[in-house]
Amino acid sequence: MKKTVLLFLLLLSVVANSQQITVSPAIFQVDEPVTITASFASPDCNEMGANPTKVYMHSGIGSEANPWASAKGNWGADDGIGLMTKNADDTWSITITPSVYFGLTTIQQNEATKMGLVFRNAAGSQTLKQAPSCSDFFVKVGSFQVSLTTPAENSAIIITSGSGFNITATNTNGAASYLLKANGNLIDTNASTSNYSYSHTDITSNQTYELSVTQGVTTVVKKFSVVVNPNTVSETMPSGLVDGINYNAADVTKATLVLDAPLKDFVYVAGNFNDWQPSSAYAMKKDPVTGKFWLELTGLVSGENNTYQYWVVETTPIANSPSLVKTADPYSTLVLSPYDDATIPATSYPNMPVYPAGQSFEVSVLKTGQTPYNWQVTNFAKPEKEKLVVYEVLVRDFDAARNYKSLIDKMEYFKTLKINAIELMPVMEFEGNESWGYNTSFHMALDKFYGTSDKLKELIDLCHQNGIAVILDVALNHAFGRNPMVRMWMNDPDGDGFGSPTIENPYFNTVAKHAYNVGEDFNHQSLKTQNYVERVVKQWIEEYKIDGFRWDLTKGFTQNCTANDGSCTDSYQQDRVDVLKKYADYSWSLDPTHYTIFEHLGSDPEEQQWANYRIAETPSKGVMMWGKMTNQYNQLSMGYASDSDISRMTSTSRGFTANRLMGYAESHDEERLMYKNVQYGNSGGTYNVKNIDTALSRMSAIGAVSLLVPGPKMIWHFGELGWENSIFTCNDNTVNSDFDAISGDCKLDKKPQPQWLNNWLGNSNRNKIYNDWAKMITLKIKEPVFSGTATMASVSSLAVNIKISDNNLSATQLKDVLILANFDVIAQNIPTAFQYAGTWYDLMDNTMINVTDVNLAMNIPAGEYRIYGNKPANLAIADFEKGNSVNLYPNPVSDYFTLNITTTKVQIYSVSGQLVKSFNANKNSDFQFGVSELKTGLYVVKANDEKGKVQVMKFIKK
């Protein structure tokens, strides 16, 4: 699979396919008009179809080495820049004068010898590219052109020490001047020729060549290199070393690198410590037992960043596979990218190491003498699995700053919601910056777009300080094209440095072995793959204190199926059961309380193998299974009875011995409930679900019948505020969910931030969901009965009846719960079937009702719910309403409020967790706390009394 980078960064040297594009005139100068015409008749490398509705030319111009030096167009923007015109024969054309179109200076015009072209739809989601390689188009500019005959441009020749090779080149338009440099030193000149030839002999060290050809004021530079076989030394590797970087605890000037590269003949380490020109001293040794390459680096400076790559060589590669691959370390914990780093904001990653000039592809970062992070919590006690309420969050879309600091600044928001776990969608090094993170390329490295390693650790540490576990979403089913283990054994017929796995690849399948593949498919029966996965697990548990993993797409961990056989992929596969148990075992060997969560969404018999695995141990193990219930809950929220059976929200319905189902009504992969409510909700009569406020009023009931079902549960961020924007919302706020349409879909686009910009917590309809869910979550976490057993009829109905009981609790405890909800659009008499007669309590406020007839139907208005218990919810209510002995008056507040206690400090926070005002001196009970300057909305007050006790309350600013 090709790398997923911004297309204008590709620097390939190919010729335009005449069947796809034509250039008129064929030979043109930089200051002359030229018409470029594209044909979409062929499907080859054409994602736009034969009849696109709108076509943009994204283009650049520059030298042979960098045809994209001056780029024109805004990728994904429908702004008219590069817009083409449709012709009568269904081709598309644009006429430009390059010097004017690109705004070139005189110097840039003199250097311009090549243009790069890519054709796209308006959204930038579909392209036409050069067949058959699907690379960029390139067009010669000017009458002076240079062809490097031997060796091939940008190639690397492998030679034995002391041998030589020939360099030949030709040019058009008469004689030119040739200068040849090796490693920066001039070795040959020819002042006037159009057919250049030179033989470089007796080469004993690696060489990088530049052939500069000048005619008039125009210079063309061709580059190539020679790598000398160092005759690898066989030497036993020191004990205790692992793949990747091994720091020397006793000597910060040293580090040892280890690379496992079967079938490769030799490897150099190139880096800033040898000016990226490794001598034989940087040829890696080879361990005779394991076959691994290794090298001890010396002379390193403590605390300084070092960048490096491996030059991995196979002297006799198979067809279409390169001899030389320059790659970062597969086990990198920090990589620098020539594709992505330039657009990472300094506010998110200050003082980011600079990508080394003159290099290509990712490079690894090595730094000795690093100061370990000072963890404030070193013995975090994880919440019980059965009590987990997980808040799934995409860092990129949580706040406008789109980084870890955004979550840190809004910790009060999470605390007030009462969730006890946060699940971060993938943060491992992924391709591009505008991503959900599932296109991972380096699984042990932290992606820099969201912030630094220390900032993520600060977030985790702060979560732990507040009783919140941190779970990481990991995509270990696959990797994408920049992954070093893909690139070291790849098919690369077009020579761009990227490709798909060859039959020699010890980590990846050449074709996917399941029906849901993206990227390149790991072979999880390979011991090398298993070792890599376990190293990834170890890194995140030990370095970042991650409390659990949500394993993405576990259906892909089999070797038994094909990409076209969904029934095989969906059915029970023993190899998949076994290898995933092995990974779970390894996680638990490092942390016996580690959360292991599988996104399998498969058959009950297979999921039972993991859910019931090792649950009888102390501490209890068992894998938590993702339980998608979006359609059923959305049917309820919209007010439709068909397909609304939510009985499979329980673990017992799936044959799980313990409560191991992480059920959810919403996740990142599914359409928002509220979006469908307002688009498609039941609109019969005066009660119209399509009305935004009516739709919002139904979401508290959704929380009651989902969050309180025993077992771990999950919220997709801002469901608690009734987010009604579609997951297919585009950057321009339009909605496009049709992936087959010309403009593609917008599922992965950055999302707007109305929840903060429009102060949703200040909206009483949205705030009610947030507060109701917070109280329900408190009930779930604090009251033991919600670890009991749930019973509900397996039926599609708008009248929901859920009974939850724990017979192990005493009669004096809250041990029986009845949840009723009416999802119809009219009031209904809902059958109750109380467990027994007597006094029952509304658990949302502990008010009493007297039940004399256990079968008496209860009239419940449309969209509302009731939660009854046999005893008051003393544990939950006491926790939720902590500080109620302090009275804040008036509330809502206009200009000031008073507190009925003497305070030593009062702090006012926005609901997003930002401190907005403080009163630090002692204040008597009649003191007026002025807040007239605050904006309308909801605020949180923290008040310290004379004994140092902290009281927390809220007020609404009018």
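What follows draws every value from the coordinates through simple rules; no lab data is involved. Note that this is a predicted model, so its numbers are computed, not measured. All Cβ positions, even for glycine, are placed from backbone atoms using ideal geometry, and neighbour counts span all protein chains on display.
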Calculated FRET value between Val518 and Asn765, using beta carbons and R₀ = 25 Å, to 0.05: 0.05
Within the stretch 359-401, chymotrypsin sites (Phe, Trp or Tyr not before Pro) in DSSP loop having at most 14 other beta-carbon neighbours inside 10 Å: Trp375
Residues Ser642 and Asp895, FRET efficiency given R0 of 51 Å [Cβ-Cβ distance, rounded to 0.05]: 0.45
Within the chain, helix-based [θ] at 222 nm, where runs of 4 or more DSSP H residues each add -39,500 (n - 2.57), nearest 500: -4500 deg cm²/dmol
Within-14-Å neighbourhood charge of His200 [Cβ basis; K, R +1; D, E -1]: -2
Inter-probe distance in nm under a simple model that places probes 7 Å from Cα toward Cβ, at Asn466 and Ser93: 6.2
Descending semi-axes in Å of the stretch 219-294, equivalent ellipsoid built from Cα gyration tensor: 26, 17, 10
Spin-label proximity, Asn859 to the stretch 827-853 - amide N less than 13 Å from point 7 Å beyond Cα toward beta carbon: 827-830
Inter-label distance, nm, simple model (7 Å from Cα along the C-beta direction), Asn874/Ala131: 7.8
Coordinate range along principal axes, alpha carbons of the stretch 523-583, Å, largest first: 39, 22, 18
C-alpha long axis of helix 574-590 to longest principal axis of the chain, angle in °: 80
Cα gyration tensor shape for the stretch 700-845, rounded if a/c is under 1.5, else prolate or oblate: prolate
Extent along principal axes [Cα atoms of the stretch 506-664; Å; largest to smallest]: 51, 42, 26
Protection proxy ranking of 694-701, 516-523, 659-666, 583-590 - average other beta-carbon atoms within 10 Å, highest first: 659-666, 694-701, 516-523, 583-590
Separation of the Asp202 and Asn305 label points, Cα + 7 Å toward Cβ, nm: 4.2
Full-stretch length increase - Asp454, Glu542 - with 0.36 nm per residue and alpha-carbon distance subtracted: 30.3 nm
Distribution of pairwise C-alpha distances over the stretch 118-203, 5 Å bins, in %: 3, 10, 15, 18, 14, 11, 11, 9, 5, 3, 1, 0
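Take every Cα-Cα pair in the stretch 31-159 and report what % of them are more than 25 Å apart.
30
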Alpha-carbon centroids, the stretch 72-146 and the stretch 625-686: separation in whole Å: 48
Local electrostatic count at Lys457 - Lys and Arg +1, Asp and Glu -1, tallied over other residues with Cβ under 14 Å: -3
Nearby aspartates and glutamates by direct alpha-carbon distance to Lys418 (threshold 15 angstrom, same-chain neighbours under 8 apart not counted): Glu384, Glu392, Glu720, Asp772, Glu783, Asp879, Glu881
Volume in Å³ per residue [convex hull over Cα atoms, computed for the chain]: 197
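As an exercise, use a Förster radius of 56 Å and the Cβ-Cβ distance of Lys581 and Asp845 to find the FRET efficiency, rounded to the nearest 0.05. If you can, show how the numbers build up before the last one.
On the way: r = 46 Å, r/R0 = 0.81.
Here the calculated transfer efficiency is 0.75.
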Sequence-distant aspartates and glutamates (8 or more away, or on other chains) whose Cα lies within less than 13 Å of Lys513: Asp521, Asp565, Asp570, Asp575
For the chain, cysteines whose Cβ has no other cysteine Cβ within reach (under 4.7 Å): Cys463
Rel. contact order, % - alpha carbon contacts under 8 angstrom, at least six apart, the stretch 270-344: 23
Whichever aspartates and glutamates have a C-alpha closer than 16 Å to that of Lys538, once near sequence neighbours (fewer than 8 apart) are set aside: Asp243, Asp473, Asp547, Asp585, Asp591
Length added when fully stretched, Val916-Asp604, from 0.36 nm per residue minus Cα-Cα: 107.3 nm
Degrees separating the helix 527-544 axis from the principal Cα axis of the chain, which is the longest one: 60
In sequence order, calculated HN-Hα J values of the stretch 197-211 (Karplus, 6.51, -1.76, 1.60; Hz; x Gly/Pro): 8, 8, 10, 9, 10, 6, 8, 10, 9, 4, 10, 10, 10, 9, 9
Segment Ala833-Ala563, extension gain: residue separation times 0.36 nm, minus the distance between their alpha carbons: 92.3 nm
Degrees, to the nearest 10: 764-782 long Cα axis against longest axis of the chain: 80
